[in-house]
Every structure is written in structure tokens, then in C-alpha cells.
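Colleague: Structure below; questions to follow.
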Amino acid sequence: GVGLMGHGIATNVQKAGFALHFLDHPGNQPTQLLQDQGAVAHTSAKDLAAACDTVILCVTGAPQVEAVISGANGVLDGLKPGSLIVDCSTSLPDISRKMAAVLQDKGGRYIDAPMTRTPKEAAEGRLNLIVGGHEDDIEKARPILESFSENISLAGGIGTGHTMKLLHNFVSLGFSAVLTEAAAVARDSGVTSEVFHDILAKGGGAGVVLDRLSPYILQNDCGAFLFSLSNCSKDTGY
């Protein structure tokens, strides 16, 4: 998926010198620049898999992961023996293990490599990756992973990357909800945004979440935190 996060991944994979193929989909961000640089569009995941040695998934959640891998005209239908699937989606660990098993039965390999940070860091090639899988598969993928990430953390076996991503998002989204509620209460209580922010930044409220939400608190600018409420609900439910 060449969405808000996937577009940054694709751009940096291409910049690193890898030949890029992508699935043409109405949910994609504009892809013309990628195609101008030689990227090839495919109308099905089957055709894409048949053309590639490594397939990176960046889709919404577990149902989409299953559909693109094992659905009609999916990756499994076009999989080349020895191909590696890198799942950067935020999915369920049980689905990770299930998809790894069906891919292995077809001669493929799988690692889960969900991301933290935002579309801004994706565009800059500075994502954090939380990786689960077999060590040799992770090392095979490392040159590609390094093309769009700043930090690569190894969580353990298959499924542990997604387990840790869900724990991470449970904490970070929880912090975000608490902070935005507190900011609203501060405004309603007559405390200025500047005072609220300054006191938190000097005390126990300091941290990545405050930094990310500072433009919203101080200037009503939501652009630094592009994450949908539907995905918040999905991740927390997972």
C-alpha cells in the first residue's frame, strides 16, 4: 500500500537503488513521481509477487494482510520460491504466525516489521521498525529495511514484532488521549496553552507525545500527528 506511510517507504526504497514495483490501488498517495523514477505499477498482488523477490506490506490491519497474501489474486498465487514478505502493517500476532505458515508451505519467508513514528519520518527515511522473525530472514531484509528506517529493534520470533507494536501503540495512544483531554480542560479552566505546555515540558509531562502534540496545543495545528481515529480504535482493540 502506497498510503501515508507506504509512500515514504516506497520513495526511500527507490532512492536506495532498489527496483520498485507497487500495487495500483485507489487508496494510494500520488505515485507519478515514483513511476517517473522507474517504478512499475501492477493491478494485482499476484502479478506484483511474481515480479519481486521481496514484498513489503503496508496495509491497514489483519483483514487486509490476509486478503493481500492469501485472497484471490494474492501474493501466494504469484509467489516465487524463496521470496521474502516483510509485513510493516499494524496487524494481529496470530495472523502474522498464520500468514508465515502458509507462506512457508509455498516456499516463501515472512517477517513482521511494524513501524513507529509518523508519515513525516516515513518520508525522511527515519522510521523505527520492530522486527520479529527468523534471524537469517531478518538479515536478508536488513539492507531494504535500513533504506527507510533509522532504528531497527529485534523483538524475537515471528509475531513478536506485532505484539510489541500493539503494546507500543497502546501506551503512546493512551498518552495522547490523556494529553489532549488535559489540554482541553486547561483551556476550559482558563489556563493558557503556553502555560500548560511550559509546565508539562518542565515536569512529568515531557516526552515524545508532548513534542508531537505541541503544534496542536500551541497553534491548533493538527498536521504533526496524522493518525486517524479509526486506526486508533483498531490498534487499541487489537
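The values are calculated or read from the model by the stated rules, or taken from the named source; none is laboratory data. Given the structure is predicted, the values throughout are model-derived calculations rather than measurements. When we count neighbours, we look across all protein chains shown, and the Cβ atoms used for this are built from the backbone with ideal geometry, even at glycine. Please note that ligands, DNA and RNA were not included when accessible areas were found on the heavy atoms of the full protein model with its side chains. Shrake-Rupley method; radii C 1.70, N 1.55, O 1.52, S 1.80 Å.
Colleague: At 1.4 Å probe radius, can you tell me the per residue accessible area of region 1-120 in Å²?
Modeller: Result: 44 Å² of accessible area for each residue.
Colleague: What does the extension gain come out to for E135 and A72, with contour length at 0.36 nm per residue minus their alpha carbon separation? Mind showing how you got there, number by number?
Modeller: Details: separation 63, 0.36 × 63 = 22.68 nm, distance 3.05 nm.
Contour length minus the Cα-Cα distance gives 19.6 nm.
Colleague: Same structure, new question: Give the accessible surface of region 126-238 per residue, rounded to a whole number of Å², with probe radius 1.4 Å and ligands, DNA and RNA excluded.
Modeller: Values: 6220 Å² over 113 residues.
I get 55 Å² per residue for region 126-238.
Colleague: Given region 103-200 reduced to its alpha-carbon atoms as identical point scatterers, what log10 I(q)/I(0) does the Debye formula return at q = 0.11, 0.13, 0.15, 0.21 Å⁻¹?
Modeller: -0.49, -0.61, -0.71, -1.02
Colleague: Quick one: Cα centre-to-centre distance for region 131-195 and region 16-84, in angstrom?
Modeller: Here the answer is 25 Å between Cα centres.
Colleague: I'm a student and want to see the number: the projected area of the Cα convex hull of the chain, averaged over all directions, in nm².
Modeller: Averaged projected area of the chain's Cα convex hull equals 13.2 nm².
Colleague: Which percent, nearest 5, of DSSP beta bridges in the chain are antiparallel?
Modeller: Given both bridge residues lie in the chain, the antiparallel proportion sits at roughly 15 percent.
Colleague: Using all Cα-Cα distances in region 30-75, what percent lands in each 10 angstrom bin from 0 up to the longest?
Modeller: 25, 50, 24, 1
Colleague: Report the accessible area of F18, computed with a 1.4 Å probe over the heavy atoms of all protein chains in place, in Å² rounded to the nearest 10.
Modeller: 70 Å²
Colleague: Okay, moving on. Which percent of the accessible heavy-atom area of region 148-212 goes to carbon and sulfur, probe 1.4 angstrom?
Modeller: Details: 2330 of 3650 Å².
Carbon and sulfur together cover 64 percent of it.
Colleague: Show me the trypsin sites (Lys or Arg not before Pro) within region 129-238 that DSSP assigns to loop and that have at most 15 other Cβ atoms within 10 Å of their Cβ.
Modeller: Answer by residue number: K202.
Colleague: Can you give the net charge of the other residues whose Cβ lies under 13 Å from the Cβ of F227, counting K and R as +1 and D and E as -1?
Modeller: Working: positive: R117, K120, R212, K234; negative: E121, D235.
Around F227, the charge tally is +2.
Colleague: What whole-number value in cubic angstrom gives the convex hull volume per residue for the C-alpha atoms of region 23-125?
Modeller: Value for region 23-125: 105 Å³ per residue.
Colleague: May I pose another question? Between helix 135-147 and the chain, what is the angle of the helix's C-alpha long axis to the longest principal axis, kept within 0 to 90° and rounded to the nearest 10?
Modeller: Result, in degrees: 60.
Colleague: Hey, another quick one. Give me the percent of the accessible area of region 1-146 that comes from carbon and sulfur atoms, probe 1.4 Å, all protein chains in place.
Modeller: 51 percent
Colleague: Filter the trypsin sites (Lys or Arg not before Pro) in region 12-103 down to the DSSP loop ones having no more than 13 other Cβ atoms within 10 Å, then list what survives.
Modeller: Here no loop site has a sparse enough neighbourhood.
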